[in-house]
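Enquirer: Here it is, the structure in full.
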Amino acid sequence: MGSVLLVIHLLACIFLVAVILLQRSSGGALDGLGGGSGASNFLSARGTGNFLTRTTAVLAVVLFATSISLSLYYKGMDRRTGSILEEAPVQSEPAVPVAPQAPVAGK
């Protein structure tokens with residue numbers, strides 16, 4: 001379940017970036033794709049702008065929904081909880097350095 005949500009989330013991110021980059025800031029989105037005075041409102045300049053605006057809104061909702069779903073899904077996973085400071089090992093007395101012994105000459 002988590003991997004499916006993650007794939008949907010990543011695809012929504014990629015498509016959202018692509019749709020936002022297709023839009024023009026001046027309001028004439030996708031002028032080259034049929035922005036003339038054709039009978040179809042879908043391929044007019046206003047129609048493509050509305051389509052991209054609606055697609056952006058839908059993808060944004062999908063992105064937020066998958067973000068919340070992923071956070072709730074991974075919150076319910078059985079993971080170690082607590083602070084790493086609570087699990088820190090207790091330090092013992094520092095070891096006193098031992099001087100090396102001189103070799104015994106006779107053995």
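Enquirer: Please list 50-59, 2-11 highest first by mean number of surrounding beta-carbon atoms within 10 Å per residue.
Expert: The most tightly packed comes first, giving 50-59, 2-11.
Enquirer: Using label points projected 7 Å from each Cα along Cα→Cβ, tell me how many nm separate Phe15 and Thr53, to one decimal.
Expert: 2.1
Enquirer: Evaluate the distance, in nm, between pseudo-label points positioned 7 Å from the Cα of Glu93 and of Val7 along their respective Cα→Cβ axes.
Expert: 6.1
Each value in this text was obtained by applying a stated rule to the coordinates, not by laboratory testing. Just so it is clear, the structure is predicted and the values come from calculations on it, not from any experiment. Here Cβ is always computed from backbone atoms with ideal geometry, including for glycine, and neighbour counts include all displayed protein chains.
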